[in-house]
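Take a look at the structure below.
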Amino acid sequence: MRFGIIGAGRIGKIHGGNVAARPDSQVALVADADLAAAAALAKVTGAKVAEVDAILAAKDVEAVAICSPTDTHADLIERAARAGKAIFCEKPIDLDVGRVRACLEVVKKTGATLMVGFNRRFDPNFAALRRRVAEGAVGALEIVSITSRDPGPPPISYIARSGGLFRDMMIHDFDMARFVLGEEPVSVSAMGSALVDKAIGEAGDIDTAVVIMETASGKVAQISNSRRATYGYDQRVEAHGDKGMLRADNVRETTVEWAGAHGFASDKALNFFLERYDAAYRNELDAFIGAAKSGEKPHPDGGDGLMALLLADAAYRSWKTQQRVSVA
């Protein structure tokens, strides 16, 4: 399968490298507003640099990976759908629910394959936890607890255009909550503060937050986010039910543990998402290529992207109003 990579930044390099490493796919063309970045990715993947228009017009490009800034996603999805390409797009589709709905209408009318990049579903540990929950390992599921903490905050320049913590960072956890719960949350309560960096608060955002969600049947999910974790990239999921509990813990730098008179000590968690979700990105690409070749609907799809954004919007409203909010 021949790919066009749109966006040669950090995430574009990940997907481009994974495509190029497969025997059944190749990177044909790379586009980026930064020509130097496009040329660098094209060089390591054996591709050519091209304009976005050329990628979408190329008859021998079967799929596109959209790794460009968020405000370009919806337009590029629509154009790629009309061009008959299979589409992989990083989250979110857009920061505006109305724009997402309009985009998904185009995808539906064209019959295009669209997969949204919620890579954590493909992490081997989280995927195994979800499978065992579905198989009844914990019995009737009652509580899902998700912890996601970055080792440090992003630059303020990024915060200003990110859409905020709920739509940018926690949106992954909203998708994971839906993935494990197997039900849609119907209400959201959110609290948040700027405790890591006052400049984030001055920019109108938060860096520390807790969200509690409830489904129609009464299942509960709780999410904890922070832009600071001194011990590495903190990524954990726990599922509790009437027959027991499942936990997917952090992935550490090594499995070596020291024991002595003062107790036990282990290495830090992996430093950031590039290392932590290396396998997840590869598995995600497997799923996308499989769906594109078979014509089956991929998951997560555009509808999953929409639902995660609706939860993020509800959390934002709850944080602002300090009230429990129903999901639109």
Original post:
Restricting attention to the range 154-174, does a residue exist that is of a type in the set (Phe, Trp, Tyr), surrounded by 14 or more Cβ atoms within 10 Å (Cβ to Cβ) and farther than 25 Å from Gly244 by Cα?
Top reply: yes
Original post:
When you scan the range 44-58, how many residues do you find that are surrounded by fewer than 17 Cβ atoms within 10 Å (Cβ to Cβ) and either touching a Phe, Trp or Tyr at 6+ places or on another chain (Cβ under 6 Å) or closer than 15 Å to Ala80 by Cα (or both)?
Top reply: 4
**OP:** Give the residues of the range 270-325 that are of a type in the set (Phe, Trp, Tyr) and either part of a helix (DSSP H, G or I) or outside the structural domain of Asp205 (by TED's automatic domain parsing) (or both), sorted by residue number.
**Re:** Phe273, Tyr281, Phe288, Tyr316, Trp319
**OP:** Filter the range 229-270 down to the residues that are exposed (fewer than 15 other Cβ atoms within 10 Å of the Cβ) and among the acidic types (Asp, Glu), then identify the one that is nearest to Phe122 (Cα to Cα).
**Re:** Asp249
Original post:
Restricting attention to the range 161-176, which residues are within 17 Å of Gly117 (Cβ to Cβ), part of a helix (DSSP H, G or I) and either aromatic (Phe, Trp, Tyr) or over 12 Å from the mean Cα position of the chain (by Cα) (or both)?
Top reply: Phe174
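If you take the residues in the range 254-269 that are assigned to a strand (DSSP E or B) and over 18 Å from Pro153 (Cα atoms), which one is nearest to the chain's Cα centre (by Cα)?
Applying the filter and picking the extreme gives Ser266.
Sort out for me the strands (runs of 3 or more DSSP E) sitting completely within the range 1-120 that have 3 or more residues that are closer than 18 Å to Asp278 by Cα and modelled with pLDDT under 95. Break it down into steps so the answer makes sense when it comes.
Working: elements: 2-6, 26-31, 63-66, 86-90, 114-117.
It comes to none.
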**OP:** Could you tell me whether Ser187 is hydroxyl-bearing (Ser, Thr, Tyr), in contact (Cβ under 8 Å) with a residue 24 or more places away in the chain, closer than 23 Å to Leu309 by Cβ and out of contact with any helix residue (DSSP H, G or I) (no Cβ under 7 Å at 6 or more places or on another chain)?
**Re:** yes
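Restricting attention to the range 1-24, does a residue exist that is within 24 Å of Gly290 (Cβ to Cβ), of a type in the set (Lys, Arg) and without any contact (Cβ under 8 Å) to a residue 12 or more places away in the chain? Can you show your working first?
Going residue by residue through the range 1-24, those that are within 24 Å of Gly290 (Cβ to Cβ) are 1-7, 11-24.
Now narrow it down to the ones that are of a type in the set (Lys, Arg): 2, 13, 22.
This time we only want the ones that are without any contact (Cβ under 8 Å) to a residue 12 or more places away in the chain, so: none.
No, there is no match, as no residue in the range 1-24 is within 24 Å of Gly290 (Cβ to Cβ), of a type in the set (Lys, Arg) and without any contact (Cβ under 8 Å) to a residue 12 or more places away in the chain.
If you go through the range 103-124, how many residues are in contact (Cβ under 8 Å) with a residue 60 or more places away in the chain and surrounded by fewer than 18 Cβ atoms within 10 Å (Cβ to Cβ)? Walk me through it before giving the result.
The first filter runs over the range 103-124 and keeps only residues in contact (Cβ under 8 Å) with a residue 60 or more places away in the chain, leaving 103-104, 107, 113-124.
Then keep just the ones that are surrounded by fewer than 18 Cβ atoms within 10 Å (Cβ to Cβ); that gives 124.
Total satisfying the criteria: 1.
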Original post:
Can you tell me which residues in the range 29-46 are over 24 Å from Pro92 (Cβ atoms) and either polar (S, T, N, Q) or in contact with a Leu (Cβ under 6 Å, 6 or more places away or on another chain) (or both)?
Top reply: Thr45
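The values are calculated or read from the model by the stated rules, or taken from the named source; none is laboratory data. Bear in mind the structure is a predicted one, so any value in this text is a computation, not a measurement. Every residue, glycine as well, gets a Cβ built from its backbone with ideal geometry; the counts of neighbours run over all protein chains shown.
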